[in-house]
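Engineer: Questions regarding the structure given below will be posed in turn.
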Amino acid sequence: MEIINGLEALKKRYHNTVLTIGNFDGVHLGHQKIISEVLRMAEEMNGTSMAMTFEPHPVKVLAPEKELKMLTTFKEKARVLDAIGIDVMLCINFTREFADLSPDAFIEDVLVKKIAAKEVVIGQNYAFGKNKKGTTEFLRRRGRELGFKVKVVRSMKLDGDVVSSSRIRRILQKGKVHELPTFLGRAYSIEGEVIRGTGRGSKILNVPTANIRTPDVIVPREGVYAVRVMVKDSFFDGVVNIGRRPTFGGSDVSYEAHLFNFSGDILGETIRIYFIEWIRGERTFPDALSLETQIRNDIQRAKEILNSKHPKLI
């Protein structure tokens, strides 16, 4: 997949561009429904499939007080879009200036002059331009006038509710990671660098752990999880604890992974953690031995879970 950072970097016209537009945070099944239509149409036209997205997320610019946590980093979003099969990812630098573009200016200057879109595929609630005054009907009308077609894809619903990034965030905050493959089409994952920890896992608890520095994305509720971990293109089963280590008087949230059947120094390596199922919440233990015993039980429970559950990993 080709990645283009900024409209100014878009130097060429692609053949029969089929474009979709969105934040695509999480690249969930609702997004994938739209993207699959883009891919189908591009194949029919022998054209180019393109996804326009925005960095940073518009909410971070227009309403920073909301402190929105993303489901996916830019890198992760690109990785998933590439795996799905998009040809070109066009990332727009979202600024207040860009937000102030009128619907007409966005259509004429961006969709027509810069991209030369032949087809534009959007979700049914899509709105664009200053104050989101641009509607799907307005886009259709201007498309007829300017030479591109518009396809509106209905929202995907599960259990009567629309699949959305906000719905996925709520599930993560409850720790119900086992539900997420239903909404994402894959297990939820985060990526982080292995950093030096206190060494307490090996020295005191006899359970060596890798401490992770995580990016600015939402993480599941604090607790212990059965996980699969990708290290240097290899997968290992394991457990992860997200929490404050109250038994040892901790206060900052840490991310500690114990990988089964793994030995080696991965300090400084970037690993990806796929969350399969929540095991228990974090709690304070009377002493290190009690905590070690519980960790051994967690490991056994994780092995049982991981032997029976195999969601898709992308």
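The values are calculated or read from the model by the stated rules, or taken from the named source; none is laboratory data. Please read these numbers as outputs of a predicted model, since none were measured by experiment. FYI the Cβ positions are ideal-geometry reconstructions off the backbone, even for glycines, and counts take in every protein chain you see.
Engineer: Hey, does the range 242-263 have a residue that's modelled with pLDDT of 90 or more and not in a strand (DSSP E or B)?
Structural biologist: For the range 242-263, residues modelled with pLDDT of 90 or more and not in a strand (DSSP E or B): present.
Engineer: For the range 5-19, give me each residue that is under 15 Å from Leu111 (Cα atoms) and surrounded by 14 or more Cβ atoms within 10 Å (Cβ to Cβ).
Structural biologist: Leu7, Leu10, Tyr14, Asn16, Thr17, Val18, Leu19
Engineer: A follow-up question, please. Here are Ile295, Ile271, Ile305, Ile279: which of them is within 22 Å of Arg244 (Cα to Cα), surrounded by 15 or more Cβ atoms within 10 Å (Cβ to Cβ) and modelled with pLDDT of 95 or more?
Structural biologist: Every option except Ile279 fails the conditions.
Engineer: Still on this model: Do we find a residue being in the same structural domain as Arg186 (by TED's automatic domain parsing), in contact (Cβ under 8 Å) with a residue 60 or more places away in the chain and of a type in the set (Ser, Thr, Tyr) anywhere in the range 285-302?
Structural biologist: Checked the range 285-302: no residue is in the same structural domain as Arg186 (by TED's automatic domain parsing), in contact (Cβ under 8 Å) with a residue 60 or more places away in the chain and of a type in the set (Ser, Thr, Tyr).
Engineer: Looking for something in a strand (DSSP E or B) and either within 25 Å of Lys174 (Cβ to Cβ) or not aliphatic (A, V, I, L, M) (or both) - is there at least one such residue anywhere in the range 281-301?
Structural biologist: no
Engineer: Of the numbered conditions (1) modelled with pLDDT under 90; (2) outside any loop (DSSP other than H, G, I, E, B); (3) surrounded by 18 or more Cβ atoms within 10 Å (Cβ to Cβ), Val227 satisfies every one except a single condition; which is it?
Structural biologist: So Val227 meets the others, but not (1).
Residue by residue, here is whether (1) under 21 Å from Leu10 (Cα atoms); (2) in contact with a strand residue (DSSP E or B) (Cβ under 9 Å, 6 or more places away or on another chain); (3) at pLDDT 95 or above; (4) not assigned by TED's automatic domain parsing to the domain that holds Asp216 holds:
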position	(1), (2), (3), (4)
Asn46	yes, no, yes, yes
Ala51	yes, yes, yes, yes
Phe54	yes, yes, yes, yes
Ala63	no, no, no, yes
Lys69	no, yes, no, yes
Lys77	yes, yes, yes, yes
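Conditions (1) in a loop (DSSP other than H, G, I, E, B); (2) touching a residue at least 60 places away in the same chain (Cβ under 8 Å); (3) in contact with a helix residue (DSSP H, G or I) (Cβ under 6 Å, 6 or more places away or on another chain); (4) of a type in the set (Val, Ile, Thr), marked per residue:
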{"residue": "Val110", "(1), (2), (3), (4)": "no, yes, no, yes"}
{"residue": "Lys118", "(1), (2), (3), (4)": "no, yes, no, no"}
{"residue": "Arg144", "(1), (2), (3), (4)": "no, no, no, no"}
{"residue": "Val152", "(1), (2), (3), (4)": "no, no, yes, yes"}
{"residue": "Arg167", "(1), (2), (3), (4)": "no, no, no, no"}
{"residue": "Ile171", "(1), (2), (3), (4)": "no, no, yes, yes"}
{"residue": "His178", "(1), (2), (3), (4)": "no, yes, no, no"}
{"residue": "Arg186", "(1), (2), (3), (4)": "yes, yes, no, no"}
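Engineer: Looking only at the range 181-209, how many residues end up being of a type in the set (Gly, Ala, Ser), buried (at least 19 other Cβ atoms within 10 Å of the Cβ) and modelled with pLDDT under 85?
Structural biologist: Going through the range 181-209 one residue at a time, the tally reaches 1.
Engineer: Which residues, counting only those in the range 269-280, are in contact (Cβ under 8 Å) with a residue 60 or more places away in the chain and in contact with an Asp or Glu (Cβ under 8 Å, 6 or more places away or on another chain)?
Structural biologist: Within the range 269-280, Glu269, Thr270, Ile271, Arg272, Ile273 qualify.
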